[in-house]
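Step one of this worksheet: look at the structure below.
Values quoted throughout were computed directly from the atomic coordinates according to the rules given, and no laboratory measurement underlies them. Model, not experiment: these values are computed from the prediction. Positions of Cβ are generated from backbone atoms using ideal geometry, with glycine treated the same way; all protein chains shown enter the neighbour counts.
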Amino acid sequence: MTTTMNALRVSQVIRADRERLFRAWTEPSELVHWWRMEENGWSFAEATIDLRLGGHYRFGTTSPEGQTHVAVGEYREIDPPHRLAFTWDWEDPVSAMGETLVTVEFNDAGGGETEVVLTHERFADPNRVSRHESGWMQLLRLLSRAVEERRV
């Protein structure tokens, strides 16, 4: 885990091949099994994906209080099963932070494992970095669990 004023980097080694993990990030039927926060009461809300350069996505989670949080952006790089890059912001104007960039790399770690490395950069407000770092770490743990339970 690495954090700077306007960027973060987190990683997780997961027992799955790169192809399977790339699909988990790019298919709504896979995201449903892991895209949420870890705390009790959080749930998957939605995923709309137009997986092409310049295509848009919407990923949503619902909090225990029933509020839906939707991230939106545009795909900037699609290199299956190696790399995926997309812009990131929150749909709700109150939560919006300006366009940032997320890059997800799927590195073969050998032995049927993949190191998923996520870099989130271009934060205008450094106070948002640590909150997003915590969220991404939770998502990578949830992805790992979903893969291990064979849901993804």
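Considering the options ALA16, VAL116, THR103, tell which one lies farthest towards the positive end of the dipole of the chain, charges being +1 on Lys and Arg and -1 on Asp and Glu at the Cβ, about the Cα centre.
Result: ALA16.
Pop the C-beta distance of GLU99 and ARG150 into the FRET formula with R0 = 41 Å and round what comes out to the nearest 0.05.
According to the calculation, E is roughly 0.70.
Can you compute the helix-only [θ] at 222 nm over the chain? Use -39500 (n - 2.57) per DSSP H run of at least 4 residues, normalise by all residues, nearest 500 deg cm²/dmol.
Helices in the chain give a 222 nm mean residue ellipticity of -7000 deg cm²/dmol.
Between the DSSP loop rule and a limit of at most 13 other Cβ atoms within 10 Å, which GluC sites (Glu not before Pro) in segment 34-76 are left?
Of the GluC sites (Glu not before Pro), the ones in loops of segment 34-76 whose Cβ has at most 13 other Cβ atoms within 10 Å are GLU38, GLU39, GLU65.
For the residue pair ARG141 and ARG23, what label-to-label distance in nm results when each label sits 7 Å from Cα along the Cα-to-beta-carbon direction?
2.7
Could you calculate the FRET efficiency of ARG131 with ASN107 from 1/(1 + (r/R0)^6), where r is the beta carbon distance between them and R0 is 25 Å, rounded to 0.05?
According to the calculation, E is roughly 0.45.
Here are several values of Rg and Dmax of the Cα atoms in Å: (1) 14.5, 45; (2) 19.7, 65; (3) 19.2, 62. Which one was derived from the coordinates shown?
Of the labelled values, this structure produces (1).
Under 13 Å from the 7 Å Cα→Cβ point of ASP89, by amide nitrogen: which residues of segment 41-80?
71-74
Gaussian network model of the chain, Cα springs within a sub-10 Å range: biggest mean-square fluctuation belongs to which of VAL104, VAL116, VAL94?
Top of the fluctuation ranking is VAL94.
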